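Chemist: First the structure, then my questions, so here it is.
Just so it is clear, none of the values below were taken in a lab; they were calculated from the coordinates. Everything numeric in this text was worked out from a predicted model, so none of it was measured. Cβ: placed from backbone, ideal geometry, glycine included. Neighbour counts: every protein chain shown.
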Amino acid sequence: MRTYIKDLELKKGEEVIIKGWIDIRRDQGKLIFFDFRDMSGKVQGVVLPGSVAKETAEKTRPEWVVEVKGKVNERPEKNRQADKQNGNIELEILEITVLNEAETLPFDIGTDTREVGEEVRMKYRYVDLRSQRMQRNLRMRSEVFSLMRNYFRDSNFTEVETPILTKSTPEGARDYLVPSRLEKGYFYALPQSPQQYKQLLMTSGIEKYFQFPKCMRDEDTRGDRQPEFTQLDVEISFATEEEVMNVTENLLIKIVTTLYPEKKIQQIPFPKIPYAEAMSKYGVDRPDLRENKEDPNLLAFCWVIDWPMFEKTDKGGWTFSHNPFSGCKKGSEADLVNKSNIENIMAAQYDIVLNGYEIGGGSIRNHRPEMLKKVFEILGYSEEDINSKFGHMLKAFTLGTPPHGGIAWGMDRLMMLLHNEASIREVIAFPKTGEGKDFMMDAPSTVSAEQLIELGITVTKKA
Ligand code: ASP
């Protein structure tokens, strides 16, 4: 049976089998030393003179995958390294079986791979992910997600998956489109967020929903943006702004104190700053409130609240500042009904900001159909457009929909900040480059003429 390297300390004096990679190999002639690595850590091994393992040991190289039979010995007193994992023990190698050989890797994974060119890292991402830094980023991401799942389950939330092939939902970005083969000339859109589905789940009586959806937005890629990214998405029936903010604030505190105890949250409860104050005092709608920007372990969360509902467009019309489904503040209801004083209509919207990055946002929604229609009218939609684009929402809101509100977090940005990484690409297993390319899979790519014919699509110009 296989023993994980982290458990070897418990097996002193016993014969064990470990499986993993050769991290380092040092041939000293008489003795051959190894560091072996598996998902749980590293251990030193040694082939003693006269061992039957010597012949195989001599031909192995770093990054070969091996099965090793060995005896767990206590190291001689002078060689002990008590502060290191398995620093007090050593594996006396009895047998090595090679499971897979490895050519010289395209780059050294013994470093944090930061100095390696991005194109090579992405082309060999599966190798890049072997570095200690990337292993930690992925494993901690999994820890964060499972803590969150437990938190929501303990608070009676239901995790619901929503479709990837759907219809465009307006989050203010360009859609990715997927052609329909059965109805030529028709397209699905990939979701920019599950906004409409999660609201409709409130009509369904789910009451407390969460999900970790993939969201797709065809925007220019930046350090904190990817064509596809992962959200935590939440919606709660009968909720107030305070309630949604409390649920998320408590969860953020729990993530940090449980999984990142070395970090310090600057202020609890998180300060709440009205949008107008953020703009006048800091000149941005996502202020960086850190008292000491040199401290990599300082987390300054804040809420930005009281957002204007509409923004002027270049063409002199109005667009929504966050989400067309946001409700307005009580004091703005009369203005919304009369479509007057539009620049001063305030949304029941809140954004959560961390160290100068927007890591989430949400609102109490507009669940009254006549009020929602007013929003679409202000946005300049015709009656026909409103019905074709949002008819299902307006209808649902006439069939017993509770008041509701929610929030979505950008999980990649949160993980990036928790790990002091410069880009969300460092916390996503298989990200796209700055140009939206996947060098490993070679995507996007051309498709066959047959595929295009089947879809009824003619490509007029190739880049
Ligand atoms: N769906 C919104 C977004 O993706 C968040 C929300 O209002 O819940 O930005």
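Chemist: When the helices in the chain are scored as -39500 (n - 2.57) per DSSP H run of 4 or longer and the sum is shared across all residues, what 222 nm value do you end up with, to the nearest 500 deg cm²/dmol?
Modeler: The helix contribution divided over the chain gives -7500 deg cm²/dmol.
Chemist: In terms of Cα to Cα distance under 24 Å, which lysines are near enough to LYS30, apart from those fewer than 8 places away along the same chain?
Modeler: Counting by Cα, and skipping residues close in sequence, LYS30 has these lysines nearby: LYS42, LYS54, LYS59, LYS69, LYS71, LYS78.
Chemist: Averaging over all projection directions, find the projected area of the Cα convex hull of segment 174-276 and quote it in nm² with one decimal place.
Modeler: Details: hull surface 42.2 nm².
Mean shadow area of the hull around the Cα atoms is 10.5 nm².
Chemist: Follow-up. Where a ≥ b ≥ c are the square roots of the eigenvalues of the C-alpha gyration tensor, would you call segment 390-461 rounded, which needs a/c under 1.5, or, failing that, prolate if a/b is larger than b/c, or oblate?
Modeler: Oblate shape, in that a/c is at least 1.5 and b/c is the bigger or equal ratio.
Chemist: Roughly what % of DSSP beta bridges within the chain run antiparallel, to the nearest 5?
Modeler: 90 percent
Chemist: Cross-link candidates for LYS432: which aspartates and glutamates have Cα within less than 15 Å, leaving aside residues fewer than 8 places away along the same chain?
Modeler: Answer for LYS432, where 15 Å is the Cα cut-off: GLU118, GLU119, ASP128, ASP218, GLU219, ASP220, ASP224, GLU228, ASP412, ASP442, listed by chain and number.
Chemist: Okay, next question. Sort segment 312-359 into rounded, prolate or oblate with this rule: let a ≥ b ≥ c be the square roots of the eigenvalues of the Cα gyration tensor; rounded if a/c is under 1.5, and if a/c is not under 1.5, prolate when a/b is larger than b/c, oblate otherwise. Let's see the in-between values first.
Modeler: Details: a/c = 2.83, a/b = 1.48, b/c = 1.91.
Taking the square roots of the gyration eigenvalues as a ≥ b ≥ c, segment 312-359 is oblate.
Chemist: Cβ neighbours within 10 Å, averaged per peptide: list 261-268, 447-454, 295-302, 146-153 in order, most packed at the top.
Modeler: 295-302, 146-153, 261-268, 447-454
Chemist: Also, I was wondering about something else. Just need the Rg to Rh number for segment 229-305, please, alpha carbons only, Kirkwood Rh. All intermediate terms of the calculation are to be shown ahead of the outcome.
Modeler: Details: Rg = 14.0 Å, Rh = 14.1 Å.
My calculation puts Rg/Rh at 0.99.
Chemist: If you project the alpha carbons of segment 347-416 onto the principal axes, what extent comes out on each, in Å, largest first?
Modeler: Result for segment 347-416: principal-axis Cα extents of 43, 27, 19 Å.
Chemist: Below 8 Å between Cα atoms, with a sequence gap of 6+, how large is the relative contact order for segment 178-337 in percent? Each step should come with its number before you reach the end.
Modeler: Working: 164 pairs, mean separation 20.5, N = 160.
Once normalised by length, the contact order is 13 percent.
Chemist: No solvent, one uniform scatterer per C-alpha: report log10 I(q)/I(0) for the chain via the Debye equation at q = 0.08, 0.09, 0.11, 0.12 1/Å, two decimals.
Modeler: -0.63, -0.76, -1.00, -1.11
Chemist: How would you classify segment 306-463 from its alpha-carbon gyration tensor, with a ≥ b ≥ c the square roots of the eigenvalues: rounded for a/c under 1.5, else prolate if a/b is greater than b/c, otherwise oblate?
Modeler: oblate
Chemist: Report the relative contact order of the chain, percent, no decimals, based on alpha-carbon pairs under 8 angstrom and at least 6 residues apart.
Modeler: 12 percent
Chemist: With the dipole of segment 335-463 worked out from charges on the C-beta (+1 for Lys and Arg, -1 for Asp and Glu) around the Cα centre, which of VAL447, VAL427, ILE407 lies farthest toward the positive end?
Modeler: Selected residue: ILE407.
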